[in-house]
1. Could you please tell me which pairs satisfy a Cβ distance under 7 Å, a separation of 6+ or placement on different chains, a first residue in the range 125-146 that is at pLDDT 95 or above, and a second residue that is assigned to a loop (DSSP other than H, G, I, E, B)?
2. Filter the range 83-125 for residues that are in contact with a helix residue (DSSP H, G or I) (Cβ under 6 Å, 6 or more places away or on another chain), part of a helix (DSSP H, G or I), within 16 Å of the ligand (Cβ to nearest atom) and under 22 Å from Asn32 (Cα atoms) and give the result.
3. Out of the residues in the range 31-58 that are touching an Asp or Glu at 6+ places or on another chain (Cβ under 9 Å) and over 21 Å from Glu98 (Cα atoms), state the one that is farthest from the ligand (Cβ to nearest atom).
4. If you check Arg162, Arg87, Arg107, which single one turns out to be touching a Lys or Arg at 6+ places or on another chain (Cβ under 6 Å), among the basic types (Lys, Arg) and within 26 Å of Asp49 (Cβ to Cβ)?
5. When only residues in the range 78-127 that are crowded, with 18+ Cβ neighbours inside 10 Å and of a type in the set (Phe, Trp, Tyr) count, which is nearest to the chain's Cα centre (by Cα)?
6. I'd like to verify a number: residues in the range 149-180 that are of a type in the set (A, V, I, L, M, F, W, C), away from the ligand (no atom under 16 Å from the Cβ), free of Cβ contacts under 8 Å to residues at least 60 places away in the same chain and assigned to a helix (DSSP H, G or I), how many?
7. Of all residues in the range 1-14, how many are hydrophobic (A, V, I, L, M, F, W, C) and not in a loop (DSSP other than H, G, I, E, B)?
8. Criterion first (among the charged types (D, E, K, R) and in contact with a Phe, Trp or Tyr (Cβ under 6 Å, 6 or more places away or on another chain)) does Lys147 satisfy it?
Amino acid sequence: MLRWKELYEECLSCSKCSLGDNRTNMVFGDGNPKAHIMFIGEAPGADEDRTGIPFVGRAGQLLTKALLALDLHRERDYYICNICKCRPKNNRTPYEEEEKACIPYLRNQVALVRPKIIVCLGATAMGCILGKEWRITRDRGKWIERKGFYMTATFHPSAVLRDANKKAAFWEDLKSIKEKNEEIFQTKNVDT
Ligand code: URA
């Protein structure tokens with residue numbers, strides 16, 4: 001397992017797939033690297049590629065604002081990153097071989113952050129992390145415990161932007177993440 005600096009540098013110089021050839025910036029991750037909650041998206045979009053920061057475009061702003069309304073602050077309460085660290089052209093979904101090439105970096109990030117809660121944003125991250133049998137519309141909001149993590153999935157905020165009918169479920173899922181976080185810490189305080 002690499003430490004943060006080495007991992008960042010390895011991502012910067014990665015050529016395991018061709019996505020790096022067309023990127024402006026590698027988009028590593030953002031937020032509190034010691035947070036208890038980790039959000040995982042698909043891959044950077046245009047705004048993220050331009051800035052090098054995940055979830056700063058319209059979809060990212062929607063997510064950030066919704067979490068703020070629940071008093072969840074990026075710099076304090078969560079870490080956020082993507083399956084793929086480089087932007088696929090025209091925002092296409094990453095190919096499976098691109099996900100496979102990049103996922104060891106994500107695993108290393110998870111090992112460094114050691115979150116209690118992992119949230120998959122959208123079908124791509126969900127399929128990659130929770131399994132191909134998961135269906136976003138059917139299974140979002142469900143919780144499982146695996147390898148010591150509480151894991152769930154919700155709609156990708158860009159899907160919520162495209163379809164206002166997804167808003168209520170998205171909001172319910174975010175509230176359930178907040179509740180799960182509180183539940184874990186209450187239990188921990190009772191134990192200690
Ligand atoms: N969509 C993602 O999945 N990740 C980002 O960082 C931005 C948009």
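1. Ala125/Glu42; Ala125/Ile83; Met126/Trp134; Gly127/Trp134; Cys128/Ile83; Ile136/Phe155; Arg140/Phe155
2. Tyr105
3. His36
4. Residue meeting the stated conditions: Arg87.
5. Looking at residues that are crowded, with 18+ Cβ neighbours inside 10 Å and of a type in the set (Phe, Trp, Tyr), I get Tyr79.
6. Residues in the range 149-180 being of a type in the set (A, V, I, L, M, F, W, C), away from the ligand (no atom under 16 Å from the Cβ), free of Cβ contacts under 8 Å to residues at least 60 places away in the same chain and assigned to a helix (DSSP H, G or I): 3 in total.
7. Total satisfying the criteria: 4.
8. No: the conditions fail for Lys147.
The values are calculated or read from the model by the stated rules, or taken from the named source; none is laboratory data. Given the structure is predicted, the values throughout are model-derived calculations rather than measurements. Using ideal geometry, Cβ is built from the backbone for each residue, glycine included, and neighbour counts are taken over all protein chains shown.
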